[in-house]
Every structure is written in C-alpha cells, then in structure tokens.
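The values are calculated or read from the model by the stated rules, or taken from the named source; none is laboratory data. Keep in mind it's a predicted model, so treat the numbers as computed, not measured. Note that each Cβ is placed from the backbone with ideal geometry, even for glycine, and that neighbours are counted across all protein chains shown.
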Amino acid sequence: MKIHLKIWRQKDQKAKGKLESYSLNEVDAKMSFLEMLDMLNLQLAKKGERPVEFDHDCREGICGQCGVMINGIAHGPLKKTTTCQLHMRSFKNGDTIYVEPFKSKAFPIIRDLKVDRSSFDEIIAAGGYISVNTGQAPEANSIPITHEEAESAFNSAACIGCGACVATCKNASAALFTSAKITQFANLPQGKKESKQRTVNMVNRMEELDFGHCTNTEACQVECPQDISVLNIARMNYEYNKAKLTK
Amino acid sequence: MAKEIHANIPEGDLKDKWSNYKAQAKLVSPNNRKKLEIIVVGTGLAGASAAASLAEMGYKIKSFCFQDSPRRAHSVAAQGGVNAMKNYQNDGDSVYRMFHDTLKGGDFRSREANTYRLAECSASLIDQAVAQGVPFGREYSGYLKNRSFGGVQVSRTFYARGQTGQQLLLGAYQALMRQKEIGSVKLYTRHEMLDLVTIDNKAKGIIARNLDTGEIERHGAHAVILATGGFGKIYYLSTLAMGCNASAIWRAHKKGALMANPSWTQIHPTCLPQSGPYQSKLTLMSESLRNDGRIWVPKATNDKKSPIEIPEDERDYYLERKYPAFGNLAPRDIASRAAKEQIDIGKGVGPLRNAVYLDFAHAITEYGKDVIAERYGNLFDMYQKITGINAYEEPMKISPSAHFSMGGLWVDYDLMTTIPGLFAIGEANFSDHGANRLGANSLLQACVDGYYIAPCTLQNYLSDQIQVEKTQINHPAFQEAERLAKKQLENFVESKGNKTAEEFHREIGKILYDKCGLSRSEQELKKAILQIQNLREEFQQNLLVPGDAHEINSELEKAGRVSDYMELAELMCVDALERNESCGAHFREEFQTEDGEAERNDDDYAYSAAWEWSGKASKPILNKEPLHFTYVQPSKRSYK
Amino acid sequence: MWFIKNAITRKNLMALTGLFLCFFLVIHLLGNLQLLLAPDKAQLQYNLYSDFLSNNILIKIISYVLYASILAHTIDSIYLTIKAKKASGSPYVRDRRNRASKWYARQMMLLGTIVFAFLVIHLKNFWFTYKFGILPADANGNKDLYGLVVNSFQDLWYVIFYSIAILALGFHLLHGFFSAFRSLGLYHPTYDKLVKSIGVLFALAITAGYVIIPFYIYLNL
C-alpha cells in the first residue's frame, strides 16, 4: 500500500524543527511501524539524504525505548501498544501519517524523533529503590507477601518508562511514572523504613525537573502501553501528604 | 598445534571450591577502594548488578551503555523466570542436582566448578531480589511460588508473571541509580565502547563514542568489566534487541582476549516466523506455550490448505512421534532442530513456508477457552497484535530463531579474560552453559556473575593495584587506540559505496542461519566461510554510511557493529567446522546417530575451544581448555 | 520555598479550597431554594434569612474563609496553569491527545474562568447591592433582596447568562469533585468509584438546583 508520511525533522535541540513529507509506495500491511520507518531510512540513505533518527531497541514492547506521536497520539492508535508493536495493518492505503517526537520541556529533542528522557532516570535516582546492599538481604521467605500485595505491586512495577504519559498529559506531568514506582514500594512490606524519605525525594525531584502537575484527566492511563492505573497517582499524593503531615 | 589453557580452578572438593576461593581471596581495605576506578560496559542484569555491588563496596565506577537509559538493556525482555535452588517445593532439589541439570543440559561442555558455583550462589540471588522489591509470584499464603521449566524434574523457577527479566533488571537498575545518586557511579548513557586500551598487557581503559555528539572519549580505570551481552543479533533475525552487538567483546578479542565456542548459539523454537523481507526481528513467545500447545505440520509436502481444513490423519505431530517421553516439551535445541527438519523437507506452513503449527485446539476442547485464556491470554494477545491472527481460532505459526550465545569471551574461574584486568560477565562470557543453556538459567547467570562473583574476584585482582597510580589517559596506548577508532569511523563514512550496513547485516545473517545455525556440515561451513570472506571484502569497498562521524548517526553505529560481525561470523564457522562432533546446540550433520540424534565425542572434543586473534580474521589460533569431569560422568542426553 | 512550589501541595490547596466551595454551594443552594416557596411566604423568609446571614458573627468568619478560598483557588490555578504551559513545551502539529480524556477535564481553567466572571457579576448584582445599595424594606423591615432577585430574573438574557454559568459550574464540578479527592490521596479503588459516582450526582444536583430557580421565577412570577 501507499503511505504518505509527515515526519518531524530537527537537527538538534536548539534548531527549529519542521515536518517533512515523504511517500512510501510498497508498504506491507504485515510490517511493523518501525520497519516502515526502516524502509524509509533505507530509501533516504540510498538517495544520500540523512535518515530519520528514532529511538527503538527491543522491538517487542518491553524496553520502553521507542515512542513517538503517531497522528497526534502517543504510540499511535492502538491502546496498550508501544510504537514497535504497532503494525501497518492499522493504516489504510493512501493514509497520511504524522510522526512527531514526544514533546515536553523535560524531554528535550536530541534529533528528529529522538528525545532525552534521562529526567526519568533522575527521578528514580532520587529514591526509586529499596536501599539494600548486595549481601544484606534476609532469607526471601522470611518476608511473606500476600498474593494480592505482590500482584498489585507488580501492576505498578510493570511501567516501562517510555514517557508516553508525559507526552499525552496536557501539563507534561510525570505523575504517573513517579507514582508507579512509589506505589510499587508502598504495596510491599520491604523498604518501609525509608518510605517517607523516598516519596518526598522523588516528588521533589520531579518538581525540579520541570514536569507539570497532575489534573487527573486520566489521559495518561488511556495511552499507557502497560495500562498503569491513575490510582497510583492518588497513592503518591496520599504517601506524600502522609510523609509531610507525620514528619 | 593448539595450546592448552587452564582456568585456575581452586583446590578442594567441588562443593568447597568457591568457599575456599572466597576465604583465600585477597582484599582491598575500605579506605583504599575509593582510589580504584572500574569501568563497567553494559547495564543489563550483569553489568548493573556488578556496577552497583562494587560501588556499594566503595569502588569508583564508570558505567556505560549505548541505550538512552540503563533500564533498557535487553535483560529486560526475558520472560520466563530465574532458576534458584531454594527447594521451597520440597521436591528433592539440591545444589548438586541443579549443578547436574545445568551440566547435562549443556551436554557436558561446561566446567564443573563454574556450573556448581552458579547453583551454589543461586539462592542468595532470590533473597537479594526480594529485598529489592522484585514482585515475584506468590502463593496466597504469602510465600514464593515456583514453576517448572524445560530439562529439569523439579520446580525451581521463580517468576514475575511473564516479565521476570524486566523486574530483575529494574531491581539492579535501581540499585545502580542509588549509587549514581550517592556519586559512586558515574553514568555514561548513549556511549558505545569502540576499543579496549591495554597498557603493559593489562586492561586500563576504553575508548568510547558519545552517540549523541559523535565525540570520541578516553576513559581510564584500574580494571574493565565487559557485560555487553550476547551476539545472537549476528543472525540478523533474532529475538535480540536491535542494538545488541558483539563489538565490545570482539574488540577486546582483537586486543588479545580469547573467544570461546563462538558458534554455540541457542536457537529458540517458539518464535514468530518471518513474515516478509522487511522484517527486522523475531519475537519470542514464551516456551510455556508448549505445555498445552501441540506442534504439527501437514503430512503432505507443500500442503497449502488452511490448518483448520487439514484433517487429523493428515497431520504429523512430529515431536510427539519422535520423542514420545518428552513430546512437545523436548528441550529447545531438539525442538528447534526438529522444526527445521520439517521446514527443510517442504512441510513448512505459512505464506513463506517457514513455520510449523502450534495448536491449542485440543487444549481448548479439553480445558475450555477460559482456562487457556487465563494461562496464556497475554501471549495470545501479543500474537494477535503482531500477526493479526486470533490463535483461539486457528493454530499459531512458530519458527525457530537465534536467541542466546553460549559462546563468548573465554574467562577463567575468576571471570577474567586472558587480558589481566579485563573481566567478562553475563552472556558476554562463555562460562556456565556449555553447549546448550537451560531455560531460566540466563537471568541467573547474569545476576550471580554481577552480584556475587565479579565483586569478589575483581577485588582479588585489584588488591595489588593500589600502588599503581591512576591510569593516565594521555598515555600513548590511549592515543593510538583513539586514532585507530577515529580512522575506522572516517573510513566508514568515506567509503561512499551503495549498500547500507543493514543490507550487509541481512546477508551475513542469512549465511549464518542457513549454514551455521541449527545444523552444520563441513561442506556448507566451508562454503559459508568463502561467502563471508567475499562479503567482508565487499563491505570494505561498498559500504554506504550517510552523514558524518561528528554527530549523532545511527547508520554509523550500525556500520561499526556489522564490521565486527563480518569477522566474528567467520570465526563462528571456523569454530563449528573444527568441532567434529554434535553437542547441544551444535549439530554437525556428519555426526549423528542412525535415528538423527546428536553424537557427542567425549574422547576428542571434551574441551572448550578458545580462539586467539592472530591479526587476520581468517587465521584464528586455536587454544584448548580441556574439560575434566571428576564429579559427574558425562552421559548420553536422550529425550526419547 | 520548594514546599510552596511543590505541585502536590498546590493541588492539595486546590482540592481543599475547591471542596470548601462545594460545601458553600450546598448551603447557598439550600438558602436559594426558599425562593421556590409561595411568593409572599418566600419574600419574608428569604429576606429574613439574608438578614441573618449578614449579621451573624460566625457566618461572617466563614464568609471571610470563603472569600479567601475563592482567591486562593483562583490564584493557585493561574500559577499552576502557567507552570504547566511552560512544562509542555512546543505544541504538536497534529494533536489528537483529546481522545484520551473528557473535554471538561482538560478545560477546567476555561470553565473556572466562566464561573469566576459570573461570580464577579453575581456579587455586583446581588451581594454589593444588598450590602451597600439602597433596597426597599419588606413587611418585617428586612431589606427586600427577594424583590431584587425576582426582578433580575425577569430578563430572559440574564436567565440565559445565569444558566450558562451554572452549566459551566456543573462541568467544573463533574471533574473537580472526584479530582479533589484524588489530589488529596484517595487511592482505594472501591471508594474512588464511590466518590466518582457521588461527584456525578453532586454536579447534577447542584446544576439542576441552581438552574431551576431562575426559570421558575421567569416563568411563574
């Protein structure tokens, strides 16, 4: 099938970007979206033009490295699906597809569709862990964790850190990402001793990194490839308030 | 004449070796540790856990990864689980049994002492992961759950739904980020190692390229750890991430580290088949599907009927027929080979006739759709997402795909390569899995190497480095390595041919998959070697890399990786050709029993082949590390 | 200063002031419902009630809290909106993110602005006139606020303007009510569902209650 593309091209963070138009004539419906971009890049390279830079790695929906706005939606039209898992059968012959990078102040554009999401690493570094050195761990079964606790902790821990929540949020809030980690630990008995410190530090770091606030529109969960619940955000608020009020 | 090399295995009884080692290992006192710098390349399970553990001890760590965040490393994609000897199920598990299973699973081509240590350290890993908050599956009582995996008769696999790798990696990643926050780890994301720098034959640093700016950087240290994973991506179509590569270990190899058993690649039987020439990777479907799915092909060759129209008596359930005892649960290497056999004789299914059916119709009739949906719902969804086919209504199509490199840098018992100060851990080394890896052992090995072994053995090495002054990055060795690295990049850019690295990669992958994949023969391997040499020649003349070297340039990154594959591919074929036996994943057609099973030759090939770089890709030098079996007598691996 | 800058604290402030205003809406509505009584009874009772409110010391204190809440809610929202604007960077050329959320959840600022504008006019028309203007007295000698209200709602345009503002308020509440509880940290799925349902009922009740009055007066009196 024939596909028209309008892809955001931007040389570096400071340069002004704009949409460029491309057309591909022999797109197969069985191709993945990124394979379609591979095809475009091969054509560009052969013509001596600069290929489109985009982020991707595992191409099976778990590493969280891919992620672009496809027709104005993070990771494209399918729900619970990363960009790499989106296939061209979701489009029709003759479609025009707009491809833009995730945009927010905290995710500066590196080039074209590649953005810098290291601010997420910074949030984790601020406290997204249980402080246990190698060798300090007690016997695993000495901390019983109910099936429900483990499952709900897992639901939060499943976040892949792709940034679609920030890209989708009208305020570019990282609340879903941050709260998922806070909630995972809040649901587990391990690491309770440092839970106040963790919550306050992570929230403050999120604040320093120029993310917006959460207005509970719930759009982040809708576009989240892992369907991370917005109730995590409420949990974060609870944990934060608790930490502040019982200080 | 091949030289013999030895692994410095400690004295003592098998079960005492590691404790003896630890008891005698040299130490570095806490106040001296901060003076010692260690470079860790790779932030997967092995790299992140080693970097975090060493930083916790007080060393100064520089951690490198090519991804935009350490959390993206491909350990993240492991689905099934991690093995550990806890015997929580009271089903007769023991360290010895786990060691024996692993050794046998590897077709008796790994070191007894290493394999035993892997089993011995496995229990503490679970403790560590639980303490980090990894949400492993739990019973309603609150205790840890286990499941059973291929090739063993006990339940020792711990898992976090189908995302065990992700959860373990996040645990290690978070530990790493904690050390970064403290300042013990300096993180270099979007950096790729281009070369290893040795001074006086000791590993002293690396040359790295900042992938965002194109800048070439020198980094010095007292020791270097490579935790850069496997190189199955050399087959182009594989279950690995797009960025997985062999460059770090290959460049270390060219600096003198030996490369062991490079041809031993695990081909995973349950992957989604290639759907067209554009395909960039093959997605793994958890092996657990084989618990309820039945594998078959049509009896008639080139049968183009839809699977639902093919009646029962025209189907060949070949695994059940050939391996009645294990049936559809035959080990990975055997299931993969059997599938290839069927595809090769023209019974393959699907539009490209490159797959076999994995059918749930019987299971759905027997247990009902709901039970199957509960067990495998997420996998069926994933299948539908990728193929657009509803597997509740028609059988899945699966095919084998390159998955795990049992081979890698040769390391001794300390996980140190033949270059002093250069360590290789996780999938990057060759040590524990022999010729075939058991399911759920790869996460284990990566973690055990990183959390427990490297921190101990590295310290043993570093104990005499305190007096050595900080590595100077203006040393001529750094200058020269940087010059060569830059020159190579310039050459790529200036080559101005008309074939991209990707196209070369596809070609070399195809050669390897066909001739050095599931089954190998002398004739085909020799052909492959010639083809690879020609392709390498062409690569030097006809490579096309758009853009330049002083900026972000994905095509240039690929060129570097493919350039290394061009050399490694030949070594893989040479290695496969040299080993005149069949063992594990290495199946030589000339060496099989009458009924088509692998025929191992313990008299002549009970060794690890450790190849040495001679300066020329086509003339590798063979070194042999003889394998001694003192505690287990190698037996025939039969799954009939 | 981070404590003040902190978005969660800010959102707590939004939530607490918002919920207090919700409480006020209920009280105000209960008072206004007296307007629906038989005209002569309604006049006396409503005027008496108004007189009571403006002279009771406790009510006075609460009214200052009310003014403060309105100001804090408004100023805080402006601050947060500016901050979010900065955070979201350059706009998308093609933006279909709206598929993932309700329009009124995204347009709280717009709805709030309408409500605020209404509030200014509303206060000028009734509160200011009552407090500082000259109003005739009713049979009991209380200022005849009732007469002022009834008069105002004789103008169809005013009724329409009033209703639109109340509709905006309704949508503001539809999102705001449950959102406030979320911001304060109500994370339990069951109670969250409950609060969401109560929020919908609350928004409906408030909207209906406030809209009925002008129409009743316009059509019947």
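Which one of these is of a type in the set (A, V, I, L, M) and modelled with pLDDT under 95: B:L525, B:L518, B:L458?
That would be B:L518, the only listed residue that is of a type in the set (A, V, I, L, M) and modelled with pLDDT under 95.
Could you please find all residues in the stretch A:170-189 being part of a loop (DSSP other than H, G, I, E, B) and more than 23 Å from A:A74 (Cβ to Cβ)?
If the condition is that a residue be part of a loop (DSSP other than H, G, I, E, B) and more than 23 Å from A:A74 (Cβ to Cβ), then A:N187, A:L188, A:P189 are the ones that fit.
Taking B:M406, is it over 16 Å from the mean Cα position of the chain (by Cα) and either surrounded by fewer than 24 Cβ atoms within 10 Å (Cβ to Cβ) or touching a residue at least 24 places away in the same chain (Cβ under 8 Å) (or both)?
no
Which members of the stretch A:201-215 meet the condition of being crowded, with 24+ Cβ neighbours inside 10 Å and either closer than 27 Å to A:G61 by Cα or outside the structural domain of A:F177 (by TED's automatic domain parsing) (or both)?
A:M202, A:M206, A:F211, A:G212, A:C214
From the list A:P101, A:P77, exactly one residue is crowded, with 22+ Cβ neighbours inside 10 Å and either over 13 Å from the mean Cα position of the chain (by Cα) or within 12 Å of chain C (Cβ to nearest Cβ) (or both). Which is it?
After ruling out the rest, the residue left standing is A:P101.
Search the stretch A:121-162 for residues being under 20 Å from B:R71 (Cα atoms) and more than 7 Å from chain B (Cβ to nearest Cβ), and hand back the single one that is surrounded by the fewest Cβ atoms within 10 Å (Cβ to Cβ).
Per the stated criteria, the residue is A:E122.
Please pick out the residue among B:S280, B:S263, B:S275 that is outside any helix (DSSP H, G or I), within 13 Å of another protein chain (Cβ to nearest Cβ) and either crowded, with 24+ Cβ neighbours inside 10 Å or touching a residue at least 60 places away in the same chain (Cβ under 8 Å) (or both).
Unique residue meeting the criteria: B:S275.
If you check every pair at least six apart or on different chains, which have Cβ atoms under 6 Å apart with a residue in the stretch A:178-197 that is assigned by TED's automatic domain parsing to the domain that holds A:A158 and under 25 Å from A:G163 (Cβ atoms) first and a residue that is of a type in the set (S, T, Y) and buried (at least 24 other Cβ atoms within 10 Å of the Cβ) second?
As it stands, the answer is A:A180/A:S156; A:I182/A:T199; A:T183/A:S156; A:Q184/A:S156, since those pairs meet every condition given.
Scan the stretch A:1-25 residue by residue and report those that are in contact (Cβ under 8 Å) with a residue 24 or more places away in the chain and either more than 10 Å from chain C (Cβ to nearest Cβ) or in contact with a Pro (Cβ under 8 Å, 6 or more places away or on another chain) (or both).
A:M1, A:K2, A:I3, A:H4, A:L5, A:I7, A:W8, A:R9, A:Q10, A:K11, A:D12, A:Q13
Just one of B:A160, B:A129 is within 14 Å of chain A (Cβ to nearest Cβ), touching a Phe, Trp or Tyr at 6+ places or on another chain (Cβ under 8 Å), assigned to a loop (DSSP other than H, G, I, E, B) and under 30 Å from A:A126 (Cα atoms); which is it?
B:A160
Conditions tested, residue by residue: (1) surrounded by fewer than 21 Cβ atoms within 10 Å (Cβ to Cβ); (2) within 14 Å of chain A (Cβ to nearest Cβ); (3) hydrophobic (A, V, I, L, M, F, W, C); (4) within 19 Å of B:K616 (Cα to Cα).
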{"site": "B:K510", "(1), (2), (3), (4)": "yes, no, no, no"}
{"site": "B:G517", "(1), (2), (3), (4)": "no, no, no, no"}
{"site": "B:A528", "(1), (2), (3), (4)": "no, no, yes, yes"}
{"site": "B:Q541", "(1), (2), (3), (4)": "yes, no, no, yes"}
{"site": "B:P546", "(1), (2), (3), (4)": "yes, yes, no, no"}
{"site": "B:S554", "(1), (2), (3), (4)": "no, yes, no, no"}
{"site": "B:L568", "(1), (2), (3), (4)": "no, no, yes, yes"}
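For the stretch C:82-98, state whether one or more residues are surrounded by 13 or more Cβ atoms within 10 Å (Cβ to Cβ) and either under 30 Å from C:K131 (Cα atoms) or under 22 Å from the mean Cα position of the chain (by Cα) (or both).
No, because not a single residue in the stretch C:82-98 is surrounded by 13 or more Cβ atoms within 10 Å (Cβ to Cβ) and either under 30 Å from C:K131 (Cα atoms) or under 22 Å from the mean Cα position of the chain (by Cα) (or both).
Determine whether the stretch B:575-595 contains at least one residue that is charged (D, E, K, R), on the phi < 0 side of the Ramachandran plot, part of a loop (DSSP other than H, G, I, E, B) and surrounded by 18 or more Cβ atoms within 10 Å (Cβ to Cβ).
yes
Can you pull out the helices (runs of 4 or more DSSP H) entirely within the stretch A:190-247 that have at least 1 residues that are basic (K, R) and facing chain C (nearest Cβ under 10 Å)?
The helices (runs of 4 or more DSSP H) meeting that bar are A:231-245.
Out of the stretch A:22-39, which residues are of a type in the set (A, V, I, L, M, F, W, C) and closer than 22 Å to B:L282 by Cβ?
Hits for the stretch A:22-39 are A:V27, A:A29, A:M31, A:F33, A:L34, A:M36, A:L37, A:M39.
Could you figure out which of (1) closer than 30 Å to A:A74 by Cβ; (2) surrounded by 15 or more Cβ atoms within 10 Å (Cβ to Cβ); (3) not small (G, A, S) isn't true of C:L33?
Every condition holds for C:L33 apart from (1).
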